[in-house]
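These notes concern the structure reproduced below.
The values are calculated or read from the model by the stated rules, or taken from the named source; none is laboratory data. It should be emphasised that the depicted structure is a prediction, and the values quoted were computed from it without experimental measurement. Glycine also receives a Cβ, built like all others from the backbone with ideal geometry; neighbour counts cover every protein chain displayed.
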Amino acid sequence: MSKNTQAFPGASKTAEGMLYNGALFQPVIDKCEGCARVRDFEDARYCSSYPMPAAKWSIGNCNFSTHMKAAATAQAKVNPLKASKRAAKGGR
Ligand code: SF4
């Protein structure tokens with residue numbers, strides 16, 4: 001699996017998690033599903049930006065996530081409240 005090696009070059013698997021660049025990485029959690037920063041390494045998946053995804057999500061939405069930013073942008077483009085006010089006024 002050469003792709004895995006490229007994602008975390010020099011990484012090694014330990015009993016506590018993946019050791020990479022002197023940091024211990026924990027596997028991603030279900031909330032990371034869809035994020036472009038998820039990478040495979042051996043039999044698990046890790047975040048390429050943050051060693052402890054569960055801790056990151058425990059204080060709110062992960063600010064590194066690519067899938068949450070995409071959702072926020074989509075919401076910003078269409079504000080249903082403003083759209084309904086415009087429609088009620090008969091405006092554009
Ligand atoms: S950037 Fe955040 S959401 Fe994406 S994989 Fe890492 S911890 Fe998970």
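Is it true that Arg37 is more than 8 Å from the ligand (Cβ to nearest atom) and at negative phi? It is false that Arg37 is more than 8 Å from the ligand (Cβ to nearest atom) and at negative phi. Pairs are defined by a Cβ separation below 7 Å, a sequence spacing of at least 6 or placement on different chains, a first member in segment 5-19 that is at negative phi and assigned to a strand (DSSP E or B), and a second member that is at pLDDT 95 or above and polar (S, T, N, Q); the pairs so defined are Leu19/Ser12. Quick check on my filter: what residues within segment 30-47 are of a type outside the set (Asp, Glu) and in contact with a helix residue (DSSP H, G or I) (Cβ under 6 Å, 6 or more places away or on another chain)? Lys31, Cys32, Gly34, Cys35, Ala36, Val38, Arg39, Phe41, Cys47, listed by residue number. Can you name every residue in segment 20-66 that is among the acidic types (Asp, Glu) and in a strand (DSSP E or B)? The answer is Asp40, and nothing else. Does segment 7-37 hold any residues that are closer than 21 Å to Trp57 by Cα and among the β-branched types (Val, Ile, Thr), and which are they? Within segment 7-37, Val28, Ile29 qualify. In segment 49-66, the residues that are in contact (Cβ under 8 Å) with a residue 60 or more places away in the chain and charged (D, E, K, R) form no Cβ pair under 7 Å with any partner that is near the ligand (Cβ under 7 Å from one of its atoms) and not in a loop (DSSP other than H, G, I, E, B), whether six or more places apart or across chains.
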